[in-house]
1. List the number of the failed condition for Phe27; all other conditions in (1) open to solvent by 80 Å² or more (accessible area, probe 1.4 Å); (2) at pLDDT 90 or above; (3) touching a helix residue (DSSP H, G or I) at 6+ places or on another chain (Cβ under 9 Å) hold.
2. Can you tell me which residue is surrounded by the fewest Cβ atoms within 10 Å (Cβ to Cβ) among those in the range 30-44 that are of a type outside the set (Phe, Trp, Tyr) and farther than 19 Å from Ser80 by Cα?
3. Output the residues belonging to the range 65-75 that are of a type in the set (A, V, I, L, M), surrounded by 15 or more Cβ atoms within 10 Å (Cβ to Cβ) and part of a helix (DSSP H, G or I).
4. Taking Thr21, is it in contact with a helix residue (DSSP H, G or I) (Cβ under 6 Å, 6 or more places away or on another chain), in contact (Cβ under 8 Å) with a residue 12 or more places away in the chain and not hydrophobic (A, V, I, L, M, F, W, C)?
5. Just to be sure, is Glu93 assigned to a helix (DSSP H, G or I) and exposed (fewer than 14 other Cβ atoms within 10 Å of the Cβ)?
6. Please verify whether the range 76-87 includes one or more residues that are over 26 Å from Gly17 (Cα atoms), more than 13 Å from the chain's Cα centre (by Cα) and either assigned to a helix (DSSP H, G or I) or of a type in the set (Ser, Thr, Tyr) (or both).
7. Tell me which of these Asp58 doesn't satisfy, since it passes every other one: (1) acidic (Asp, Glu); (2) in a loop (DSSP other than H, G, I, E, B); (3) closer than 26 Å to Leu22 by Cα.
Amino acid sequence: MYEDEGKDGLRSKPHPGPTTTLPKECFSELADLLQQGPQAHGFKTDRWTLDRICVVIDQEFGVSVSTATVWRYMKRLNWSCQKPQRRARERDEAAV
């Protein structure tokens, strides 16, 4: 390196890590993928989690993102956190 580039060849060079941001053009495609539901992407249950969305983003776009970043993406797409209501399995809907 020194013979080819001199002292500049010996300087440390940053090593780029994985891409961590999703291009803005991909947000509409991400929304379409999420509308298909988790089971369409190989998950057993029909509930999205931030971790599952991370996996889909990595598989479809080749971008590695954290769950905090996915949360910001969901806000940008106007998706909100939803929790299913807890109900007893033995509940008799007709009696209620």
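The values are calculated or read from the model by the stated rules, or taken from the named source; none is laboratory data. Treat the numbers as computed from the prediction; the structure is a model and nothing was measured. We place every Cβ from the backbone using ideal geometry, glycine too, and count neighbours over all the protein chains shown. Protein only, heavy atoms only, side chains kept; ligands, DNA and RNA dropped before computing areas. Shrake-Rupley method; radii C 1.70, N 1.55, O 1.52, S 1.80 Å.
1. (1)
2. Of the residues in the range 30-44, the ones of a type outside the set (Phe, Trp, Tyr) are 30-42, 44.
Next, only the ones that are farther than 19 Å from Ser80 by Cα stay: 39-42, 44.
Working: Gln39: 11, Ala40: 12, His41: 16, Gly42: 10, Lys44: 7.
Ranking the qualifying residues of the range 30-44, first place goes to Lys44.
3. Val70, Met74
4. So Thr21 fails the test.
5. The answer is no for Glu93.
6. yes
7. It fails just one condition, (2).
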